[in-house]
1. For region 157-178, check the following and say yes or no: at least one residue is in a loop (DSSP other than H, G, I, E, B) and among the basic types (Lys, Arg).
2. On the basis of being among the hydrophobic types (A, V, I, L, M, F, W, C), outside any strand (DSSP E or B) and either touching a helix residue (DSSP H, G or I) at 6+ places or on another chain (Cβ under 7 Å) or within 16 Å of ligand 2 (Cβ to nearest atom) (or both), does Leu21 make the cut?
3. Between a residue in region 33-62 that is on the phi > 0 side of the Ramachandran plot and any residue that is more than 8 Å from ligand 1 (Cβ to nearest atom), which pairs come within a Cβ distance under 6 Å, given they are 6 or more apart or on different chains?
4. Quick one: which of Leu187, Leu243, Leu238 is in contact (Cβ under 8 Å) with a residue 12 or more places away in the chain and either assigned to a strand (DSSP E or B) or farther than 24 Å from Pro39 by Cα (or both)?
5. In region 24-65, how many residues are open to solvent by less than 30 Å² (accessible area, probe 1.4 Å) and in a strand (DSSP E or B)?
6. Please determine whether any residue of region 82-91 is under 20 Å from Ile143 (Cα atoms), polar (S, T, N, Q) and more than 16 Å from ligand 2 (Cβ to nearest atom).
7. Among the helices (runs of 4 or more DSSP H) confined wholly to region 89-130, which include 3 or more residues that are over 22 Å from the mean Cα position of the chain (by Cα) and within 13 Å of Ala148 (Cβ to Cβ)?
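The values are calculated or read from the model by the stated rules, or taken from the named source; none is laboratory data. What you see is a predicted model, and the numbers here were worked out from it, not measured in a lab. Glycine gets a Cβ as well: all are built from the backbone with ideal geometry, and neighbour counts include every protein chain shown. To get the accessible areas, we keep the full protein, side chains included, count just its heavy atoms, and leave off ligands, DNA and RNA. Shrake-Rupley method; radii C 1.70, N 1.55, O 1.52, S 1.80 Å.
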Amino acid sequence: MISVRSVTKEFKNLSGTTRVLEGVNLEVNKGEFVTVFGPNGSGKTTLLNIISGIEKQDSGEVLVYGKNPKDAHVGFVFQNYNESLFPWRTVFENIIFPLEIAKIKKEKQNKIGEYLLNKIQLLYAKDKYVYELSGGQRQLVSICRAIASDPDILIMDEPFSSLDYSTTRKMELELLDIWQEKKITTLFVSHDIDEAIFLADKVIVLSPRPASVKKIFEVNLPRPRTLDMLSSPEFTELRNEILNTFEYEK
Ligand SMILES: Nc1ncnc2c1ncn2[C@@H]1O[C@H](COP(=O)(O)OP(=O)(O)OP(=O)(O)O)[C@@H](O)[C@H]1O
Ligand SMILES: [Mg+2]
């Protein structure tokens with residue numbers, strides 16, 4: 001459903017050229033939850049921007065459902081929830097925004113909006129403004145907004161990276177609960193190894209910049225995932241295996 005072949009990208013500025021992506025190849029199949037694990041500054045956001053059509057690669061090919069990313073329907077959750085939600089809209093109005101753009105009937109907008117708010121236990125906050133919510137709640141609203149109009153794929157750029165440990169784990173469970181229902185094809189970037197494994201069907205490990213795919217790991221933990229899996233021997237073994245590749249490659 002997502003196919004990235006030999007993608008390269010560099011940025012030019014006054015101080016020279018930065019090569020960010022160096023022949024990136026990856027595939028995400030329909031209904032899969034795939035995480036991309038890579039160090040800070042390795043090019044993860046650039047890769048997601050290219051897959052979602054926000055930015056254009058220098059060479060190589062990206063197809064989303066066989067289409068150019070610009071023509072595909074992509075749901076995007078940004079890293080910075082403070083900048084991505086609309087402060088002048090209520091929680092409900094934020095979630096139904098893409099439905100308004102798509103000119104969906106008011107009645108259906110209300111139905112979808114309320115369904116999603118109920119799912120994340122925020123129905124009581126329907127008419128609040130986003131600044132009245134906690135960071136974790138804001139990211140849940142961002143996720144709901146991204147999936148409200150049933151996108152082909154969901155792309156998430158470290159959505160929980162500024163939350164504390166226990167809130168992050170709670171948000172991961174909430175996200176999986178939402179994902180489980182429709183099994184929307186998801187590509188999720190993280191520099192948190194526990195998160196990358198806990199969420200995924202497979203983990204794609206990137207090299208430091210310029211990024212290329214170093215190795216792909218299958219995660220064979222059963223679903224639904226539960227927090228006790230974080231300390232299971234299978235989890236620890238995979239975690240060590242991934243970190244070894246990562247350290248070794250550095
Ligand atoms: N528009 C741009 N113009 C110039 N350089 C850029 C641009 N966007 C990104 N870069 C550079 O490309 C490199 C990769 O950036 P990118 O944001 O993709 O990394 P990242 O892996 O998402 O980092 P982080 O973990 O900090 O989010 C960085 O060195 C960055 O400075
Ligand atoms: Mg980034």
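1. Initial filter on region 157-178 (in a loop (DSSP other than H, G, I, E, B)): 158-164.
If we keep only those that are among the basic types (Lys, Arg) as well, we get none.
Checked against the condition, which is being in a loop (DSSP other than H, G, I, E, B) and among the basic types (Lys, Arg), region 157-178 yields no hits at all.
2. Values: among the hydrophobic types (A, V, I, L, M, F, W, C): yes; outside any strand (DSSP E or B): no; either touching a helix residue (DSSP H, G or I) at 6+ places or on another chain (Cβ under 7 Å) or within 16 Å of ligand 2 (Cβ to nearest atom) (or both): yes.
It is false that Leu21 is among the hydrophobic types (A, V, I, L, M, F, W, C), outside any strand (DSSP E or B) and either touching a helix residue (DSSP H, G or I) at 6+ places or on another chain (Cβ under 7 Å) or within 16 Å of ligand 2 (Cβ to nearest atom) (or both).
3. Taking only residues 6 or more apart or on different chains, the pairs are Gly43/Leu21; Gly53/Pro69; Gly53/Lys70; Gly60/Arg5; Gly60/Ser6; Gly60/Val7; Gly60/Thr8.
4. Values: Leu243 fails: either assigned to a strand (DSSP E or B) or farther than 24 Å from Pro39 by Cα (or both); Leu238 fails: either assigned to a strand (DSSP E or B) or farther than 24 Å from Pro39 by Cα (or both).
Testing whether each residue is in contact (Cβ under 8 Å) with a residue 12 or more places away in the chain and either assigned to a strand (DSSP E or B) or farther than 24 Å from Pro39 by Cα (or both) leaves just Leu187.
5. 10
6. In the first step, residues of region 82-91 are kept if they are under 20 Å from Ile143 (Cα atoms); the result is 82-91.
Subset that is polar (S, T, N, Q): 82, 84, 90.
With the extra rule that they be more than 16 Å from ligand 2 (Cβ to nearest atom), the set shrinks to 90.
Checked region 82-91: at least one residue is under 20 Å from Ile143 (Cα atoms), polar (S, T, N, Q) and more than 16 Å from ligand 2 (Cβ to nearest atom).
7. Details: elements: 91-95, 97-101, 106-119.
So the answer is 106-119.
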